[in-house]
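The values are calculated or read from the model by the stated rules, or taken from the named source; none is laboratory data. Predicted model only: the values in this text are computed from it and were never measured. Here the Cβ is made from the backbone with ideal geometry for all residues, glycine too, and neighbour counts use every protein chain on show.
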């Protein structure tokens, strides 16, 4: 059956690439208010292409910021329903001077297509639409029921889509979600991401004296808000990276022996990782855990930023009145964000130094997520990926968070297949972002093949 | 004799106040390169006023940063020579939004003059010039020999004046130095400061990964520069305020039993000090030491400012590549600044966390100092102060540092009279700094009276 899809894709490669370039020329930078017209244009382009691919229902839904595009094609009674998600918005291209060719003039070089959003996520999102087009060409319609939800605020927090999912569980009801917004472990290696860490992000503000004091006159007797915050934060984690906040590890689930064993087969060079990716003198983290475990399967406590007192050039001898830190805890599956937030609040209460008052402000909280590898849709996706790329599919996790996956789990009760065709060197959010053109076509083929196989279930 | 001075001051109060306001309007913030024009303007103002007060020699001396003003009036053969010092530069006014009236628009409220630098040190420094003017009006010239040295870098380390003093011991030769840059113990209580803490001020920069990393992808394995700095700083001092840097307490000299006993007679209400001055929930510091001992006679470690990572609004999940803290140690007499700097460097070396690299930059270093109360000039000053304010003069120390006092001791071999007219609630270095207008005039009278009395010796 795949041969028909393959043939259709092969015959239409040139047009598929031109259409993607057209989408990439639209500077749909969601964080810039002045690009509002562009985000609307990108939404319209996506809606038009979904209609052209045959979707009988296509809606453009206005939000407080950038429009959502929703489409459905539910003409396969008795077959499962897949909710496909993607985003048409992109990161700002700065610093512009580092781009070899302009970010919104898609350019082919060495088998790659260079443009802002080529991999994240226009190229991957658009491959879904082209897969639907191919399925329609071959079968007249997709072999399963399809719902599509494309947003334009992924790079700015995704508030509108989160609210939409929460408010429309019936409309979005499906058996599984499918997202192509991740990367393959390395070129040619089919990869399904089956675990994401969650995130609890907080701001801690420490207040000491009523105002900044002269450190000569009051030093020795007055509390210092910066030092108070330093004392507090230093107690949150030890030198080995082990979090000292009571209760944090209570519900942490270790990866299975099988999963851990599978990670040892992934190609990984710690020296190269240290030198080329991290760029510090040493790696840090919990002894007895591999880098994969530390970054994929262990909670972490990080201070993302800290500010307080005098930080200009030269010297000012103040005892600072206030200091603020942005901190987060990454969560692994089974950890309850509410429980973690409560644990942090209790820790701050119990460890606030003498003379200091601390306020904890919660900015966001979402759980870690895992999809079971024996879930049927995952099995089918792994096989389809493997069939097209000719290698066994590996299961990895990501230490990062994709909030929409949590929204699908919470409000729709469905797992998400993270089937991405990006590569580790695509340069997401960086100058010279690119997408491998071969992966674009193979992604369309893989997606088409997945829908075919999933219909047989 | 004092009546004539008193009368001259009384007749000229309005003009003296207007002239001071003119000086206070000049934003001579020495730490900001963009205010260079203003510091020059302040120096010119001071030089012009010294000339107007009758000084036959007035020199403006360019330096690498801000000009020095030197003047001399040596027409009293056989009489002692007093070297008067002050500074025309001021601290930055931040945070601006906390000022009731703008920092460089001097405003009278409730008998005070509000402006940055009103007490520290323009108001006090200018009272010297007005005392000279009064002495000239009454006697045609000051009754002792006067040398004046006014600098513009006191708030940024005073490098130029230190170099000038070191290079010109013959030019600056005097019997005693006189500085009005301190405060009275409480309103109406004449106070001579006989002890100062020294200061070693440093910047510590921590570097972790080569660039800011995504905390989802690298969190758990990559070093965090902010947390590394937090870990390091937290080890410098314990929760009781005891410094943990090895060697810091080696040469600390305790105050004599007599001096400690005299402090117990100073009016002091710890609750009021906490509520009105410090404004925090509790005082901090070393158990077993009084507040006077903690702030006057014990070394302290403070973090004046800290910055690193993302500190804007909202959330950004970075592992910061760099973080910087400004720190200082206040020194008591007998502690050697060089030894203390070496101890801090060694401490940082020994305690830099894994994966982090730290750089220590020394911004300034000066020793603590004491003047003997039986010195003749101190005795005369105490009497003059007492005569004008109608109360016995008390001897206190300050926890602050006046590096020039150390330079005068080292290079000129002379003690310094610290005769200040500030008040404890003047808010030096803080928003809404003010100077009591009555003290401004009484300061001029006291200084005039001191010169009269010192001439009789």
Which condition number in (1) crowded, with 24+ Cβ neighbours inside 10 Å; (2) in contact with a strand residue (DSSP E or B) (Cβ under 8 Å, 6 or more places away or on another chain); (3) within 11 Å of chain B (Cβ to nearest Cβ) is the one that residue A:179 fails? (3)
Look at residue B:280 and say whether it is more than 8 Å from every other protein chain (Cβ to nearest Cβ) and either at positive phi or free of Cβ contacts under 8 Å to residues at least 60 places away in the same chain (or both). no
Taking only region B:338-366 into account, find how many residues are touching a helix residue (DSSP H, G or I) at 6+ places or on another chain (Cβ under 9 Å), more than 14 Å from chain A (Cβ to nearest Cβ) and within 20 Å of residue B:252 (Cβ to Cβ). 1
Enumeration of residues in region A:283-304 that are surrounded by 19 or more Cβ atoms within 10 Å (Cβ to Cβ) and at positive phi: A:285
Could you count how many residues in region A:78-93 are outside any strand (DSSP E or B) and touching a residue at least 12 places away in the same chain (Cβ under 8 Å)? 7
On the basis of being more than 7 Å from chain A (Cβ to nearest Cβ) and either over 21 Å from the mean Cα position of the chain (by Cα) or surrounded by 20 or more Cβ atoms within 10 Å (Cβ to Cβ) (or both), does residue B:321 make the cut? yes
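Results for (1) within 27 Å of residue B:224 (Cα to Cα); (2) in the same structural domain as residue B:236 (by TED's automatic domain parsing); (3) at pLDDT below 95; (4) in contact with a helix residue (DSSP H, G or I) (Cβ under 7 Å, 6 or more places away or on another chain), shown as yes or no for each residue.
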position: B:286; (1), (2), (3), (4): no, no, no, yes
position: B:291; (1), (2), (3), (4): no, no, no, yes
position: B:303; (1), (2), (3), (4): yes, yes, no, yes
position: B:308; (1), (2), (3), (4): yes, yes, no, yes
position: B:313; (1), (2), (3), (4): yes, yes, yes, no
position: B:316; (1), (2), (3), (4): yes, yes, yes, no
position: B:323; (1), (2), (3), (4): yes, yes, no, yes
position: B:326; (1), (2), (3), (4): yes, yes, no, no
position: B:329; (1), (2), (3), (4): yes, yes, no, yes
Please go through region B:283-318 and give me each residue that is within 22 Å of residue B:427 (Cβ to Cβ), touching a residue at least 24 places away in the same chain (Cβ under 8 Å), facing another protein chain (nearest Cβ under 7 Å) and not in a loop (DSSP other than H, G, I, E, B), ordered by number. B:294, B:295, B:300, B:302, B:303, B:304
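Being under 30 Å from residue A:252 (Cβ atoms) and either in contact (Cβ under 8 Å) with a residue 60 or more places away in the chain or over 15 Å from the mean Cα position of the chain (by Cα) (or both) is the requirement here; does residue A:177 meet it?
Details: under 30 Å from residue A:252 (Cβ atoms): yes; either in contact (Cβ under 8 Å) with a residue 60 or more places away in the chain or over 15 Å from the mean Cα position of the chain (by Cα) (or both): yes.
For residue A:177, the condition - under 30 Å from residue A:252 (Cβ atoms) and either in contact (Cβ under 8 Å) with a residue 60 or more places away in the chain or over 15 Å from the mean Cα position of the chain (by Cα) (or both) - is met.
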Scanning for something more than 26 Å from residue A:215 (Cβ to Cβ), in a loop (DSSP other than H, G, I, E, B) and touching a strand residue (DSSP E or B) at 6+ places or on another chain (Cβ under 7 Å), does region B:69-77 turn up at least one residue? yes
In the list A:149, A:172, A:96, A:178, which residue meets the criterion of being more than 15 Å from residue A:441 (Cβ to Cβ) and at pLDDT below 95? A:96
Could you list, in sequence order, all residues of region B:20-40 that are more than 21 Å from residue B:428 (Cα to Cα) and surrounded by 17 or more Cβ atoms within 10 Å (Cβ to Cβ)? B:40
Qualifying positions in region B:405-416 - closer than 16 Å to residue B:192 by Cα and either within 14 Å of chain A (Cβ to nearest Cβ) or surrounded by fewer than 24 Cβ atoms within 10 Å (Cβ to Cβ) (or both): B:405, B:415
Based on this model, can you work out whether residue B:437 counts as in the same structural domain as residue B:109 (by TED's automatic domain parsing), within 23 Å of the chain's Cα centre (by Cα) and crowded, with 21+ Cβ neighbours inside 10 Å? no
When the residues of region B:134-160 are narrowed to those that are assigned to a loop (DSSP other than H, G, I, E, B) and touching a strand residue (DSSP E or B) at 6+ places or on another chain (Cβ under 8 Å), which ends up nearest to the other protein chains (Cβ to nearest Cβ)? B:157
Of the numbered conditions (1) assigned by TED's automatic domain parsing to the domain that holds residue B:323; (2) buried (at least 22 other Cβ atoms within 10 Å of the Cβ), residue B:245 fails exactly one; give the number of that condition. (2)
Return a yes/no flag: does region B:45-61 have any residue that is farther than 27 Å from residue B:441 by Cβ and either part of a helix (DSSP H, G or I) or under 20 Å from the mean Cα position of the chain (by Cα) (or both). no
So for region A:193-209 (the condition being outside any strand (DSSP E or B) and within 29 Å of the chain's Cα centre (by Cα)), does at least one residue qualify? yes
Here is a list: A:422, A:399, A:443. Which entry is more than 15 Å from residue A:176 (Cα to Cα), under 22 Å from the mean Cα position of the chain (by Cα), surrounded by 22 or more Cβ atoms within 10 Å (Cβ to Cβ) and modelled with pLDDT under 95? A:399
Would you confirm whether or not region B:256-275 contains a residue that is modelled with pLDDT of 95 or more, more than 13 Å from every other protein chain (Cβ to nearest Cβ) and closer than 27 Å to residue B:339 by Cβ? no
Single residue of region B:212-240 satisfying the filter (more than 7 Å from chain A (Cβ to nearest Cβ) and in a loop (DSSP other than H, G, I, E, B)) that is farthest from residue B:330 (Cα to Cα): B:212
Any hit, region B:241-250, residues being touching a residue at least 40 places away in the same chain (Cβ under 8 Å) and within 9 Å of another protein chain (Cβ to nearest Cβ): yes
